[in-house]
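I have placed the structure first, in the form of structure tokens, so that the comments after it can refer back to it.
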Amino acid sequence: MSTFDSGEFTMSVFGRLVPVVVGLAMLPLVGTPAAAAPSVAPCSEEPRELPIDEFTDYREMVRELGRLERASKGRVAVKEVGRSNRGRVIHQATVGTGPKVFVVSSEIHGNEKTGTDALLRILDYLGTSESRDAERLRKTITFVAVPKLNPDGAELDRRGNDLSWAEVQRKFPQLKDRPPTWNYLSDVLQGDDYRKRPGFDVNRDFNPDLNYVPRAEDVPGAPDQPGWFITPEARALRSVYVELTARRGKVPDVYVDLHHQGACVRQEGSNRLLDVGIDYPPLPDKFFEPGQKYAKYRDVYTKDESRQLAISAFNGMTSRGFVGARYPHAPDRDLPGQARCSFALNGTGTVLFEVRGQTQTLGQQHREHFTRAVMAGLYNMLRDVSTGAVERIDPETFDQLPGTADSAALARVLE
């Protein structure tokens, strides 16, 4: 029986009060497998002003990363991997020395916040616990967290970063006569007004060519084409990936991207409000055939590995009583500019977590419940990667997992 089900991890991460940051202490579990489920109350996708002060803001995160370095006696190593357009440091926190490299990022969209809280708690457990379980994970896994990847957007509590097209053109003069890229946000989206303070959807700015330099002929681009690494946030995550690859001679084994989705989505068949949806990369199979756009990636693309990892995450969440589902995965959905797609085309198994509700629709409601759901999925993946159990999962069973009932609502909320 795993320690997650019966002992150390539950007590250390779910069951004791840990001074992560003010207002972020874990609630004790008393005989129940999961936190109390959200009530089935009327929900709305209408953007509105809602409280978010319980989430970890940028300054609290920086303090907590410093505390983790000290409390872990150096097991947790924190370093700068880039800076946002407004000068905020983008951090990488690493714990463990194992041969399997497991990378997770949060808040690439600044209004999708539970992932950062979950990452800080897992770093706390892996860095400070003296349990046999934590020691085994440190020896088998190198866990790399990039929390709050988009700190400017996080502080503004909005999806996009804080960067104008004119600033991009100054950084990349070869683009001076080009219109903005298609992922430029300069109007009203999700209740946020970008007209005076524009930005970019960072999760469309990645390219499977990790050496790519922006070219005028590739702008403005399109959703089914790769991105350009024009945002400092995308370049920071690329640097993490490239450095890890260079250091070990092969790409990271796992990359997980922590997101949020619509507020009213339900699990297909049960009509229960969802906690987390999971997915593998949206890269259509037909494009890996000879002569098609992804044919050159056919031998390294990690569809099966990604589905195995996603199933592991689903199992970890649902075994603790959380409501999971497959995120809608249309056969023609093609988004190579996403971080997880670009990394999957380089040979890394990648998984998307989609927590229900963003700050403009749920605020901090159910924050603790959703944070624990993310932790449960991540921990089960860590355990299965550590032991090799993930390799014994049948990837074809992914499509047998329950789907999402309200796919129309999901389509209105871009991943």
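Using Cβ-Cβ distances only, list the Cys residues of the chain with no partner cysteine under 4.7 Å, sorted by number.
Within the chain, the cysteines lacking a partner Cβ under 4.7 Å are C341.
Could you order peptides 374-382, 78-86, 258-266 by the average number of other Cβ atoms within 10 Å of their residues, highest first?
Values: 374-382: 27.9, 78-86: 16.7, 258-266: 24.6.
In descending order of packing, they fall as 374-382, 258-266, 78-86.
Give the carbon-plus-sulfur fraction of the accessible surface of the chain in %, rounded to a whole number; probe 1.4 Å, heavy atoms of protein chains only.
Details: 8270 of 16140 Å².
Exposed carbon and sulfur together represent 51 percent of the surface.
Could you pull out the pairs from K79/K100; K250/K303; K171/K303 whose alpha carbons sit more than 24 Å apart here?
From K79/K100; K250/K303; K171/K303, over 24 Å: K171/K303.
May I ask for the angle, rounded to the nearest 10°, between helix 367-387 and the longest principal axis of the chain, with both axes built from Cα atoms and the value confined to 0 to 90°?
90 degrees
Leaving out same-chain residues fewer than 8 places away, which lysines sit with a Cα under 29 Å from that of K176?
Those lysines meeting the cut-off are K196, K293.
R0 = 30 Å: FRET efficiency of D53 with D193, Cβ-based, nearest 0.05?
According to the calculation, E is roughly 0.85.
Going by a ≥ b ≥ c, the root eigenvalues of the Cα gyration tensor, does the range 180-313 fall in the rounded group (a/c under 1.5), the prolate group (a/b larger than b/c) or the oblate group?
Judged from the Cα gyration tensor, the range 180-313 comes out oblate (a/c at least 1.5, b/c at or above a/b).
Tell me, what is the per residue accessible area of the chain in Å², probe radius 1.4 Å?
Value returned for the chain: 39 Å² of accessible area per residue.
Of the peptides 354-362, 215-223, how do they stack up when ordered by the mean number of other Cβ atoms within 10 Å, highest first?
354-362, 215-223
The values are calculated or read from the model by the stated rules, or taken from the named source; none is laboratory data. This structure is a prediction, so every number in the text was calculated from the model and none was measured. No Cβ is skipped: glycine too gets one built from the backbone with ideal geometry, and neighbour counts run over all protein chains shown. All accessible areas refer to the heavy atoms of the entire protein, side chains included, with ligands and DNA or RNA removed. Shrake-Rupley method; radii C 1.70, N 1.55, O 1.52, S 1.80 Å.
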